[in-house]
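Data first, discussion second: the structure below is written as structure tokens.
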Amino acid sequence: MTATARARMGIDASITTRIGDFVLDLDIVAAPGRVTAVLGPNGSGKTTLLNTLAGLEPVGSGRIIVNGALVDDAAAAVFVPPERRRIGVVFQDFLLFPSMSVADNVAFGLTSRGVRATTARRSAQAWLSRLGIADLAARRPAELSGGQAQRVAMARALALEPDALLLDEPLAALDVGTRIEVRRELREYLADFTGATLLVTHDPLDALVLADEVVILEEGRVTQQGSAAGVAARPATDYVAALMGANLLRGTASEGLVTTDDGACVHVVDRTLLGPVVVVMRPEAISLHVDRPEGSPRNVWPVRVVDLESRIDRMMVRVEGPPDLSVAITLAAAADLHVAPGSALWASTKALDIDAYSRPLMGG
Amino acid sequence: MTTTTTSHGRRGRARALPWYVLVPGSLAVVFLALPVAGLLGQAPWGRMWTLLSAPASLEALRLSLATSLLATAVAVALGLPLAWLMAHHHLFNGAWVRALVTLPLVLPPVVGGVALLLAFGRRGLVGQFLYDLLGVQLPFTTAAVVMAEAFVAMPFFVITVEGALRSTDRRYEQAAATLGAGRWTTFRRVTMPMIAPSLVAGTVLCWARALGEFGATLTFAGSFPGVTQTLPLAVYAALDVDRAQAIALSVVLLAVSVVVLVAARGQFVRGLLR
């Protein structure tokens with residue numbers, strides 16, 4: 001264990017693991033007392049990352065340090081098995097032991113570590129009370145609702161007072177109604193947890209609500225990381241942009257004019273940008289017109305409607321240009337414009353509504 | 001069976017059953033039922049207790065019970081680790097191990113007995129060393145009965161349990177590991193409860209097979225009253241001498257089989273199909 005390793009609390013991992021054609025290759029740091037969300041599409045390597053941190057799979061190469069202790073290092077032939085890692089895991093489908101009562105499930109970790117049964121039981125009961133499910137103690141997992149099972153799984157992981165907590169899609173198994181409630185609760189429990197929390201999810205809402213830090217994982221690599229708000233405001237890849245609902249255009253900037261890769265001209269405010277840039281436009285900031293608009297907007301493009309999708313309060317219109325855009329308009333506007341697939345329209349937006357920044361080195 | 005009748009019932013009376021199915025099918029039922037009926041019909045019910053409590057019967061019963069339970073214990077003690085290895089370790093997952101485990105199921109028991117003799121007999125593969133070095137002679141002893149029974153019965157346990165282990169969700173074991181449980185704790189507290197029905201079924205099937213063992217026992221252990229003459233051997237021996245006693249002992253074995261059938265249900269078949 002090196003001095004720097006000892007100084008660093010939380011999770012500090014540098015992992016390269018090859019599974020067939022897939023390569024997971026990332027550095028990740030999760031600070032104690034903070035929630036780090038790993039957000040990525042299916043097949044991006046989220047579960048492999050989680051399993052590797054938990055010790056269910058060894059790293060191919062690299063090393064994992066948890067609260068200053070080296071738990072996995074391929075080069076140094078160090079591998080601490082999961083049962084000695086002190087990392088709590090809440091699995092996507094909870095994996096509560098079906099033959100045990102809720103109380104026994106929560107006490108399991110303690111009894112496994114040699115705590116006396118009565119002590120473990122008392123501790124389990126305390127955790128159940130803390131999570132507001134003391135009355136479920138005698139139930140079997142099969143008799144629990146999804147939300148209840150989620151709380152039991154949390155209690156079971158927290159009862160061991162782990163150094164770090166890994167949550168694998170903690171809300172994915174729940175129905176939409178329960179999800180909102182459990183997400184709010186989860187936020188409270190995680191705020192009380194002093195160790196590092198790593199939350200793996202494909203739902204940006206989980207990341208935005210629960211996490212302090214967001215790491216975007218795509219095809220085994222980190223493509224963006226930062227605060228949740230920062231990542232939402234400045235998506236670096238198509239995946240993040242689509243996730244956040246924003247339009248993302250790549251291009252080259254020169255003196256306030258960006259020429260996108262598909263050939264559109266976009267005026268931006270920042271005249272100092274030079275070279276490869278990313279342009280972000282929120283769908284709400286774009287308007288559609290039947291005739292070429294006159295006036296202040298300097299960005300005007302002839303477009304053709306490809307697709308329509310009505311939401312509760314708005315119509316999402318996919319248009320192809322260049323540039324190809326997602327546009328949000330009111331239902332009234334949609335009626336006025338007679339938008340239908342194939343209609344030729346004009347799209348416009350003010351330069352002020354466009355965010356442009358130098359293309360990040362990572363990903364892209 | 002129940003599902004067949006209900007689904008058939010639902011289809012209604014409109015469709016007549018073809019005779020070429022109904023006739024041979026019914027014939028099969030009669031063929032299977034008749035021997036049981038014969039056994040039960042001719043059983044000396046009035047003298048049952050006297051016959052079974054005769055010293056010779058009690059001796060065979062006691063010997064059978066002791067050897068079959070011991071053989072089952074051996075089969076479980078060795079078979080459970082083997083089942084685990086076959087389910088989870090590539091070295092034990094090959095066709096060879098599988099064939100070897102299944103072999104006693106299809107091998108004529110007499111051949112099994114001959115094979116045991118050639119392995120553990122005084123001049124056998126291992127037997128010669130046992131005899132020369134330790135002075136141990138296995139054939140025609142009670143120990144040989146246990147060995148013959150275990151050899152023939154172990155596959156029933158291994159196959160049933162291996163199938164169950166293979167189909168358990170191993171992520172529960174992973175979850176247990178993240179909760180600080182070592183491998184043995186995990187197996188005992190998480191895996192065992194999940195495969196409990198198959199463990200029970202496998203043990204019961206194994207015991208039943210051990211209890212009924214005849215061919216391998218006769219060949220490897222002989223038929224010496226009080227030493228190696230188990231129930232099935234006693235039935236066979238009594239058939240010429242005292243028919244009533246043979247039938248009485250047969251009824252005992254039949255009763256055990258019925259109980260086992262109910263207890264084990266479909267677990268073994270599921271194991272075989274995997």
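The numbers here are math on the coordinates, done by the rules we state, and not lab data. Remember, predicted model here, so these are calculated numbers, not experimental data. Every residue, glycine as well, gets a Cβ built from its backbone with ideal geometry; the counts of neighbours run over all protein chains shown.
The C-alpha radius of gyration of the protein assembly as shown, expressed as a fraction of 2.2 N^0.38 Å, stands at 1.40. With the simple model of a label 7 Å out from the Cα in the direction of the Cβ, A:Asp261 to A:Leu208 spans 2.6 nm.
Histogrammed with a bin width of 10 Å, the alpha carbon distances of the stretch B:44-100 distribute as 20, 27, 19, 15, 15, 4 percent, first bin at zero. With a cut-off of 20 Å on the backbone N, the residues of the stretch B:61-100 near the modelled label site 7 Å out from B:Leu118 along Cα-Cβ are B:96-97, B:99-100. Sequentially through the stretch A:16-32, phi angles give Karplus couplings (6.51, -1.76, 1.60; θ = phi - 60°) of 10, 9, 10, 10, x, 7, 8, 10, 9, 9, 7, 10, 9, 10, 10, 7, x Hz, Gly and Pro residues having no value and appearing as x.
Restricting the trypsin sites (Lys or Arg not before Pro) of the stretch B:174-220 to loop positions (DSSP other than H, G, I, E, B) with no more than 13 neighbouring Cβ atoms within 10 Å leaves nothing. Taking only the Cα atoms of the stretch A:1-109, the ratio Rg/Rh comes out at 0.99, with Rh defined as the Kirkwood radius.
Put a dot 7 Å past the Cα of B:Leu17, heading toward its Cβ, do the same for B:Val30, and the two dots end up 1.3 nm apart. Largest GNM mean-square fluctuation among B:Ser53, B:Ser257, B:Ser223, using chain B with Cα springs under 10 Å: B:Ser53. The radius of gyration of the Cα set in the stretch A:98-142, together with its Dmax, comes out at 9.8, 27 angstrom. Per the Kirkwood formula applied to alpha carbons, chain B shows a radius of gyration over Rh ratio, Rg over Rh, of 1.05.
Summarising the overall dimensions of chain A from its C-alpha atoms, the Rg and Dmax are 24.6, 79 angstrom.
The gain in end-to-end length when the B:Arg183 to B:Leu254 segment is fully stretched comes to 21.5 nm, 0.36 nm per residue minus the alpha carbon separation.
Taking the alpha carbon gyration tensor of the stretch B:157-216, multiplying each eigenvalue by 5 and rooting it gives semi-axes of 30, 10, 8 Å, largest first. Residue separation of B:Val136 and B:Ser167 scaled by 0.36 nm, minus their Cα-Cα distance, works out to 6.9 nm of gained length.
Entry for the stretch A:243-336 at q = 0.16, 0.18 Å⁻¹: log10 I(q)/I(0) = -0.69, -0.86, Debye formula applied to identical alpha-carbon scatterers, no solvent contribution. For the stretch B:1-153, the direction-averaged projected area of the alpha-carbon convex hull comes to 16.5 nm². Entry note: the stretch B:184-245 has Rg to Rh equal to 1.27, where both radii use alpha-carbon atoms and Rh is the Kirkwood radius.
With R₀ fixed at 56 Å, the C-beta to C-beta distance from A:Ala76 to A:Leu331 puts the FRET efficiency at about 0.35.
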